[in-house]
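Chemist: Got a structure for you, written out below as structure tokens; questions coming shortly.
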Amino acid sequence: MEPLIINGTDDTPTISFDHNSGVCEISGKSLPEEVVNFYAPVIDWVEKYALKPKDSTVIKLKLFYFNSASQRYLLEVLNCFEKVKDKGSVSVEWHYHEDDDEMRESGKEYEDMVNIPFKFVSFQTIKN
């Protein structure tokens, strides 16, 4: 299975899903104008991956902003990953800036909505 790589823009996140490693990462900002068109190949890839996943799958979410339309599709992506649990382990790493309580809370809301274990990872901005 080929990896799914979508380069991020000012309005769309970077998508890096790799079947060989079992690591699937979404990072950046998510407010695409055509949210359905943007997330359709992501959902399609996850549905195919769920048929023959790695023994261990880690979903790394490193978003610093997403709009309400993206919020719905991120939930759909996570719901698709729930199917992986029948064939192996799956977990979410929710990365957020240590000062961004709102983003941490968003992760907690997703944790309550899906049946996947979450790990919360805070980070600091490094100043030069």
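The values are calculated or read from the model by the stated rules, or taken from the named source; none is laboratory data. Since the model is a prediction, treat every value here as computed from it, not as a measurement. Positions of Cβ are backbone-derived with ideal geometry, glycine not excepted, and every protein chain shown enters the neighbour counts.
Chemist: Does Lys48 meet the test of being closer than 17 Å to Glu93 by Cα, free of Cβ contacts under 8 Å to residues at least 60 places away in the same chain and of a type outside the set (Val, Ile, Thr)?
Modeler: Here the answer is no, as Lys48 does not meet what is asked.
Chemist: Hey, Val23 hits all of (1) surrounded by 15 or more Cβ atoms within 10 Å (Cβ to Cβ); (2) β-branched (Val, Ile, Thr); (3) over 15 Å from the mean Cα position of the chain (by Cα) but one; which does it fall short on?
Modeler: Tallying (1) surrounded by 15 or more Cβ atoms within 10 Å (Cβ to Cβ); (2) β-branched (Val, Ile, Thr); (3) over 15 Å from the mean Cα position of the chain (by Cα), Val23 fails exactly one: (3).
Chemist: Something else: Can you tell me which residue within the stretch 89-123, out of those that are touching a Ser or Thr at 6+ places or on another chain (Cβ under 9 Å) and of a type in the set (Gly, Ala, Ser), is nearest to Leu78 (Cα to Cα)?
Modeler: Going through the qualifying residues, I end up with Ser91.
Chemist: Another one. Inside the stretch 43-53, can you point out the residues that are surrounded by 21 or more Cβ atoms within 10 Å (Cβ to Cβ) and within 12 Å of Leu78 (Cα to Cα)?
Modeler: The one that is surrounded by 21 or more Cβ atoms within 10 Å (Cβ to Cβ) and within 12 Å of Leu78 (Cα to Cα): Val46.
Chemist: If you don't mind, there's one more thing I want to ask. When you go through (1) aromatic (Phe, Trp, Tyr); (2) under 25 Å from Glu33 (Cα atoms); (3) modelled with pLDDT of 95 or more; (4) not in a helix (DSSP H, G or I) one by one for Phe120, which number turns out not to apply?
Modeler: Looking at each condition in turn, Phe120 falls short on (2).
Chemist: Looking at the stretch 1-109, what strands (runs of 3 or more DSSP E) fall wholly within it and have at least 2 residues that are basic (Lys, Arg)?
Modeler: 56-66
Chemist: Here is a list of conditions, (1) among the polar types (S, T, N, Q); (2) surrounded by 15 or more Cβ atoms within 10 Å (Cβ to Cβ); (3) within 23 Å of Glu102 (Cβ to Cβ), and Ser68 meets all of them except one; can you say which number that is?
Modeler: (2)
Chemist: Condition first: surrounded by fewer than 18 Cβ atoms within 10 Å (Cβ to Cβ) and farther than 19 Å from Trp94 by Cα. Now tell me which residues in the stretch 26-42 satisfy that.
Modeler: Correct list: Glu33, Glu34, Val36, Asn37, Ala40, Pro41.
Chemist: Moving on. Run down Lys52, Lys119 and say which single residue is over 16 Å from the mean Cα position of the chain (by Cα) and over 19 Å from Gly8 (Cβ atoms).
Modeler: Step by step, each of Lys52, Lys119 is checked, and only Lys52 is over 16 Å from the mean Cα position of the chain (by Cα) and over 19 Å from Gly8 (Cβ atoms).
Chemist: Let me ask something else about it. For Ser16, are the conditions met, namely being under 14 Å from the mean Cα position of the chain (by Cα), touching a residue at least 40 places away in the same chain (Cβ under 8 Å) and surrounded by 13 or more Cβ atoms within 10 Å (Cβ to Cβ)?
Modeler: So Ser16 does not fit the description; no.
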